[in-house]
Amino acid sequence: MIKIILPDGSVKEFAKGTSPIEVAKSISEGLARNVISASFDGIIVETVTPLLTDGALILYTWNDEGGKKAFWHSTSHVMAQVLEEMYPGIKLTLGPAIANGFYYDIDFEDQKITDADFKKIEDRVLEISREKHEFKLRAVSKAEALEAYKDNVYKTELISNLEDGTITFCDHSTFTDLCRGGHIPNTGIIKAMKIMSVAGAYWRGDEKNKQLTRVYGISFPKQKDLTEYLTLLEEAKRRDHRKLGKELELFAFSAKVGQGLPLWLPKGAALRDRLEQFLKKAQKKAGYEQVVTPHIGQKELYVTSGHYAKYGADSFQPITTPAEGEEFLLKPMNCPHHCEIYNVRPWSYKDLPKRYAEFGTVYRYEQSGELHGLTRVRGFTQDDAHIFCTPDQLDEEFKKVIDLVLYVFSSLGFENFTAQISLRDKEDREKYIGSDENWEKAENAIINASKDKGLSTVIEYGEAAFYGPKLDFMVKDALGRQWQLGTIQVDYNLPERFELTYKGSDNELHRPVMIHRAPFGSMERFIAILLEHTAGNFPLWLMPEQAIILSLSEKYENYAKKVLNSLENHEIRASLDNRNETIGKKIRDAEIQKLPFMLIVGEEEEKNGTISIRRHGQEGKGNISVTVDKFAAIVNEEISKTLKTFTV
Ligand SMILES: [Zn+2]
Ligand SMILES: [Zn+2]
């Protein structure tokens with residue numbers, strides 16, 4: 001008999017040689033019908049692989065990442081079969097699953113695959129799939145494998161690097177491929193398939209090698225899933241923050257300034273400023289104190305912090321000065337500066353916690369290929385803060401930080417999130433610094449605070465940094481994509497390295513604990529996510545411009561200016577479009593700018609002392625005519641629905 005540990009921690013005994021699918025059947029027939037892949041002790045196995053030892057088994061369905069991986073990788077086998085059929089003599093190399101779908105890298109030699117062939121390939125893949133071919137893994141000797149692929153230099157290279165006795169082929173239908181496994185039971189469940197694109201890719205990613213053709217595809221168990229996926233892709237393209245950032249005139253990049261260095265245009269800068277003021281106000285209430293530190297620091301500072309040893313080689317290199325021996329680094333993080341602020345004077349336990357906040361701009365070197373809009377840049381501003389507290393205060397401080405993060409999310413319309421708690425590896429306690437007692441305190445503080453605040457949590461063992469456990473908020477945006485926002489990290493390392501102390505009630509010196517936290521993460525990345533989440537329709541309180549006055553003709557300029565003036569008195573951000581254009585054109589332009597309110601003024605309005613409101617995205621002329629005072633009340637009421645006052 002063998003003992004099988006299931007993900008819920010339960011242990012069941014089975015006869016040696018029982019397969020994952022048989023284990024699934026013993027749990028329920030329904031589960032067995034849905035299981036399409038499995039992993040055993042962390043290694044992907046086939047659903048029919050006989051299990052010979054004790055171990056931990058995870059069964060995957062389409063709803064698991066593991067299930068999708070097997071589904072997509074298996075489809076790459078069928079696609080490769082079809083491509084071999086349609087382009088005889090091509091040389092297959094590797095065909096893995098990726099985050100969304102799969103690809104196969106192929107040497108087409110003198111043949112060429114074009115868009116016009118995609119439909120034919122997709123139809124044939126589905127035709128073969130409908131025949132319900134089983135995927136069967138078969139062990140082969142190295143000699144056999146080399147013989148089978150003697151005309152394929154790529155597979156020959158792959159096989160040469162494998163150890164004899166570990167090599168397997170996978171057969172389905174008339175097709176065989178070198179493969180170590182990870183397949184769905186049979187092709188029958190592949191019900192929809194699409195080739196997404198083709199691109200060039202060097203063999204093994206090395207540009208000295210031959211360029212192959214990478215064929216990207218995706219597949220689903222239902223046609224409906226494919227349709228939904230394609231709709232989502234279109235929507236994501238429409239919401240791309242780089243596109244919206246340009247349309248809304250928020251930010252730009254200049255090749256002259258340098259790649260990965262965003263330039264904030266007036267509207268974008270105002271948006272940033274509004275976000276900063278919003279957080280500063282809440283932080284002030286939560287007992288934070290603002291500090292300001294320079295953009296550079298002596299190299300020695302980062303040697304002390306340990307950042308230099310860890311990241312120095314892959315960072316912007318030191319800046320030297322005309323004086324000999326002076327070396328500075330662009331600040332890659334604000335923590336060391338804040339530690340030195342703490343060190344300016346001695347502290348007693350009665351003074352703690354100290355909470356230092358700074359919108360600190362930092363610089364990190366990213367390879368040019370890694371740069372992406374505002375989400376991967378070389379210079380960005382963190383909404384950073386460091387809390388220095390006693391170990392006994394951790395619990396309370398953690399809860400307070402969670403409150404602040406939740407306030408940020410609710411004010412900005414992020415409703416769907418989970419808290420991921422990263423703790424130590426249960427098995428390997430050696431690699432973490434700090435005493436066991438302190439770690440337990442910190443880990444419990446995070447777990448209790450999350451429970452106390454009613455967060456839905458996932459615990460990841462072994463994901464903690466060597467210097468402390470952390471909590472990340474994983475936020476789902478309007479398109480269901482997951483983003484990591486709002487990290488809270490406990491740190492025992494920097495207080496040690498910077499020799500931070502406070503005098504305890506016992507009159508002895510102790511080390512404070514440090515919490516790093518950033519609800520937004522960085523202003524750049526946060527605004528990018530917010531743009532894609534809201535498609536540019538920010539909450540009203542945040543909109544750079546809340547209203548625009550559209551005059552029916554130049555005749556009403558004086559009245560329009562009067563309206564603008566009184567809007568300003570009501571602290572409503574507005575502008576005036578007094579161009580000699582038709583009202584239709586003015587409305588269209590305001591719609592592109594996603595301005596929430598269009599206020600139309602003409603003869604009637606001037607006579608009655610009113611404005612006619614038209615809302616963004618709503619057809620028809622503004623049908624409510626109201627006074628400016630009434631309009632201000634409408635705006636304020638709408639703002640108060642999302643933006644509440646932060647209370648502690
Ligand atoms: Zn395979
Ligand atoms: Zn920090």
Please go through the residue pairs LYS208/LYS331; LYS119/LYS224; LYS132/LYS224; LYS150/LYS208 and name each one whose alpha carbons sit more than 26 Å apart in this structure. LYS208/LYS331
Apply the Karplus curve 6.51 cos²θ - 1.76 cosθ + 1.60, θ = phi - 60°, to the phi angles in the range 430-438 and return the couplings in whole Hz, x for Gly and Pro. 4, 7, 9, 8, x, 6, 3, 4, 5
Mean separation of Cα contacts under 8 Å, 6 or more apart, over the residue count of the chain: relative contact order %: 9
Quick one: Karplus J couplings for the range 536-543, per residue in order, coefficients 6.51, -1.76, 1.60, θ = phi - 60°, nearest Hz, x for Gly and Pro? x, 8, 4, x, 3, 5, 9, 3
Using only Cα atoms, tell me the angle between helix 65-86 and the longest principal axis of the chain; keep it within 0 to 90° and round to the nearest 10. 60
For a quick check of your reading of the filter: which GluC sites (Glu not before Pro) in the range 415-519 sit in a DSSP loop and have no more than 14 other Cβ atoms within 10 Å? GLU415, GLU427, GLU430, GLU499, GLU508
Under 12 Å from a label point 7 Å along Cα→Cβ of ASP164: give me every residue in the range 117-149 with its amide N that close. 141-146
Would you mind calculating the gained length between LYS476 and GLU324 on full extension (0.36 nm times residue separation, minus the Cα-Cα distance), in nm to one decimal? 49.6 nm
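What is the gain in length, in nm to one decimal, between ALA139 and SER553 on full extension, counting 0.36 nm per residue of separation less the C-alpha to C-alpha distance?
Gain on stretching ALA139 to SER553: 140.9 nm.
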In deg cm²/dmol, rounded to the nearest 500, the helical mean residue ellipticity at 222 nm of the chain, built from -39500 (n - 2.57) for every DSSP H run of length 4 or more, is -10500 deg cm²/dmol
So which trypsin sites (Lys or Arg not before Pro) in the range 200-306 pass both tests, a DSSP loop state and at most 15 other Cβ atoms within 10 Å of the Cβ? LYS208, LYS210, LYS222, LYS256
Taking 0.36 nm per residue of separation between GLU603 and ASN444 and subtracting their Cα-Cα distance, the length gained on full extension comes to 50.5 nm
If you put +1 on each Lys and Arg Cβ and -1 on each Asp and Glu Cβ, how big is the dipole of the range 505-610 around its Cα centre, in Debye rounded to 20? 180
Taking θ as phi - 60°, what are the ³J(HN,Hα) couplings along the range 326-337 by the Karplus curve (6.51, -1.76, 1.60), each to the nearest whole Hz, with x for Gly and Pro? 7, 9, 10, 10, 4, 5, x, 7, 8, 3, x, 4
Cβ-based charge dipole, the chain, positive-most Cα from GLN223, THR75, THR47: GLN223
Restricting to aspartates and glutamates and to Cα separations under 14 Å from LYS607, and discarding same-chain partners fewer than 8 apart, the set is GLU557
Let me check the size of the chain from its C-alpha atoms; what are the radius of gyration and Dmax in Å? 30.2, 94
What fraction of the Cα pairs in the range 483-541, stated in percent, has a spacing above 14 angstrom? 68
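How large is the accessible surface per residue of the chain, computed with a 1.4 Å probe and reported in Å² as a whole number?
Numbers: 31970 Å² over 648 residues.
It amounts to 49 Å² per residue over the chain.
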May I ask you to list the residues of the range 175-209 whose amide nitrogen lies under 14 Å from a point 7 Å from Cα along the Cα→beta-carbon direction of GLU85? 175-176, 187-188
Using a probe of 1.4 angstrom, how much of the accessible area of the range 542-648 is carbon and sulfur, in percent? 48
Taking H as built 1.01 Å from N, whose amide H comes closer than 5 Å to the amide H of ILE44, not counting residues under 5 places away? none
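Highest mean first, what order results for 30-40, 539-549, 225-235 on Cβ atoms within 10 Å? Numbers along the way, then the final one.
Numbers: 30-40: 18.9, 539-549: 21.2, 225-235: 13.4.
Output ranking for 30-40, 539-549, 225-235: 539-549, 30-40, 225-235.
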What pairs from LYS280/LYS350; LYS285/LYS426; LYS194/LYS243; LYS441/LYS503; LYS91/LYS120; LYS222/LYS641 go past 28 Å between their alpha carbons? LYS285/LYS426; LYS222/LYS641
Provide the FRET efficiency to the nearest 0.05 for the ASN100-ASN537 pair, computing r from the beta carbons and using R0 = 25 Å. 0.45
Using a 1.4 Å probe on the protein chains only, how many percent of the accessible area of the range 403-461 belongs to carbon and sulfur? 40
Which listed residue (ASN537, ILE634, LEU552) has the Cα farthest towards the positive end of the charge dipole for the range 519-648, taking +1 on Lys and Arg C-beta and -1 on Asp and Glu C-beta about the Cα centre? ASN537
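What FRET efficiency comes out for the pair HIS510/VAL303, r = Cβ-Cβ distance, R0 = 22 Å, nearest 0.05?
About 0.30, to the nearest 0.05.
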Charged-residue dipole, Cβ positions (Lys, Arg, Asp, Glu), the chain about Cα centre, Debye nearest 20: 1460
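The values are calculated or read from the model by the stated rules, or taken from the named source; none is laboratory data. All values derive from a computational prediction rather than experimental measurement. With ideal geometry, Cβ positions are generated from the backbone for all residues, glycine too; neighbour counts draw on all protein chains shown. Just the protein is used for accessible areas: all its heavy atoms, side chains included, with ligands, DNA and RNA removed. Shrake-Rupley method; radii C 1.70, N 1.55, O 1.52, S 1.80 Å.
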